Amino acid sequence: MQIWNFAPGPAALPAEVMRQAREEFLDWNQGGTSVMEVSHRSKAFLRVAQEAEADLRALLGIPADYHVLFLQGGASAQFAFVPLNLTVPGERVDYVNTGHWSRKAIEAAGRLCRVQLAADAGGAYTSVPRQADWAPSEGARYLHYTSNETIGGVQFHAVPEAHGVPLVADMSSDILSRPLEVARFGLIYAGAQKNIGPAGLTIVIVQRELLRGARPETPAVFDYAKVAAEGSMLNTPPTFAWYLAGLVFKWLKRQGGLAAMEAANRLKAETLYAAIDGSDGFYRNSVEPGARSWMNVTFTLRDTALDGAFLEAAEAAGLRSLKGHRVLGGMRASLYNSMPLAGVQALTGFMREFARRRG
Ligand SMILES: Cc1ncc(COP(=O)(O)O)c(C=O)c1O
């Protein structure tokens, strides 16, 4: 049976990449060992590492004055290491609150500097705050936002205007899903386990001139300038995740790059939202249309007593991991780059049939 994996992260990786990794698993680069069994400082691995960075730079058009760092610790570690690298104690920073992951970032930063809420979607978190209503603070060191709220299914579809303040974004769940003007950002970070590769790797893209020295208590392995100086090999990096991310970047290039991803992701999201909106209220998505995520589509059933039956029947039909996050309930279908339109069509076909039988 064809299985479609709608997991929010760790998420499905492109089938083609997984097949290649399987083929190379025991004997990589004709060396008789696995890629995860060789030194990160070996010539062969260094080539992998450098190619991955070059491919990521090409895909995103990352300007030369930006470092690309391959770190560990997940996006959650960056919630603290961004302020530790970019601020001194007592400094003011602006955050935009659009839901679960913004709040986590705000909590972590609040222990290290003076956080001001430049905007707050508040309450049910079903929209992104209109930029005209933002109140940026005077002298903020940076402005932080979460480009896609993975749990709420709320996404910014345009890069906010930061008016000269360095813009910092948690792009864990929508990086590489469409073209991006990196030059508009001071720093971008993302955990790998959605659109990049396996968990264990975290990417930080940071403008060089923003790094004026991390706070002295910052561990060297999270001091961006020190890590950059060592080519992200200040200590042993997550080599297998780095290698696999490199395969994903090459796959993305073969697909036609981020413009092709954008077209595909738009079509997939439109297909699923159309099925929800066209269900006569059997399914419902409560996010404002302009802020509906292309990556994580949340929906509820009119009759929540049917949730269990829906999930069970979906599983039986090969549609996996549709249960919504425990804090929100309902359903969530994650449609990252590796999910083809056929998977979304299988889901919408199933949803129509389920509604017809149980509606
Ligand atoms: C937008 C966003 N930020 C941060 C995180 C936390 O990432 P990690 O588990 O890699 O620390 C997640 C995880 O799902 C996320 O979706």
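The values are calculated or read from the model by the stated rules, or taken from the named source; none is laboratory data. Only a predicted model underlies this, so the values are computations on that prediction, with no experimental measurement involved. Note: ideal-geometry Cβ built from the backbone for every residue, glycine included; neighbour counts use all protein chains shown. Just the protein is used for accessible areas: all its heavy atoms, side chains included, with ligands, DNA and RNA removed. Shrake-Rupley method; radii C 1.70, N 1.55, O 1.52, S 1.80 Å.
Structural remarks
- Ratio Rg/Rh, restricted to the stretch 284-359 and using Cα atoms, in which Rh is the Kirkwood radius: 0.94
- In this simple spin-label approximation, residue 260 and residue 91 carry label points 7 Å from Cα along the Cα→Cβ vector, and these lie 4.1 nm apart.
- Principal semi-axes of the equivalent ellipsoid, √(5λ) from the alpha carbon gyration tensor of the stretch 22-85, are 28, 17, 11 Å from largest down.
- Per-residue [θ]222 nm for the chain (sum of -39500 (n - 2.57) over DSSP H runs n ≥ 4, rounded to 500): -11000 deg cm²/dmol
- Here each label is just a point 7 Å from Cα along the line to Cβ, and for residue 130 and residue 184 those points are 1.9 nm apart.
- Trypsin sites (Lys or Arg not before Pro) lying in DSSP loop within the stretch 71-113, provided at most 15 other Cβ fall within 10 Å: 111
- Of the GluC sites (Glu not before Pro) in the stretch 1-95, those whose Cβ has at most 16 other Cβ within 10 Å and which sit in DSSP loop: 91
- Evaluated over the chain, the Cα radius of gyration and Dmax, each in Å: 20.8, 63
- Using a Förster distance of 35 Å, the FRET efficiency for residue 1-residue 36 (Cβ separation, nearest 0.05): 0.70
- Once both labels are positioned 7 Å from their Cα atoms along Cα-to-Cβ, the gap between residue 19 and residue 235 label points is 3.9 nm.
- If R0 is taken as 45 Å, the Cβ-Cβ distance between residue 352 and residue 76 corresponds to a FRET efficiency of 0.75.
- Estimated D of the stretch 78-195 in µm² per second, where Rh is the Kirkwood radius over Cα pairs and Stokes-Einstein applies at 20 °C, 1.002 mPa s: 151
- Protein heavy-atom accessible surface, 1.4 Å probe, per residue over the chain: 43 Å².
- With a Förster radius of 25 Å applied to the beta-carbon distance between residue 215 and residue 137, the computed FRET efficiency rounds to 0.75.
- log10 of Debye I(q)/I(0), alpha-carbon scatterers only, for the stretch 67-118 at 0.17, 0.24 Å⁻¹: -0.51, -0.92
- Think of the chain as a dipole: +1 on every Lys or Arg Cβ, -1 on every Asp or Glu Cβ, centred on the Cα centre; then among 310, 239, 337, 310 lies furthest on the positive end.
- Sum of side-chain charges, residue 355 neighbourhood, beta-carbon under 12 Å (Lys, Arg +1; Asp, Glu -1): +3
- Zone residues, the stretch 79-93, relative to residue 163, backbone N less than 16 Å from point 7 Å out along Cα-to-Cβ: 93
- Surrounding net charge for residue 265, when Lys and Arg each add one and Asp and Glu each subtract one, Cβ distance under 13 Å: +2
- Relative contact order %, the stretch 75-221, counting alpha carbon pairs below 8 Å whose residues are six or more apart: 23
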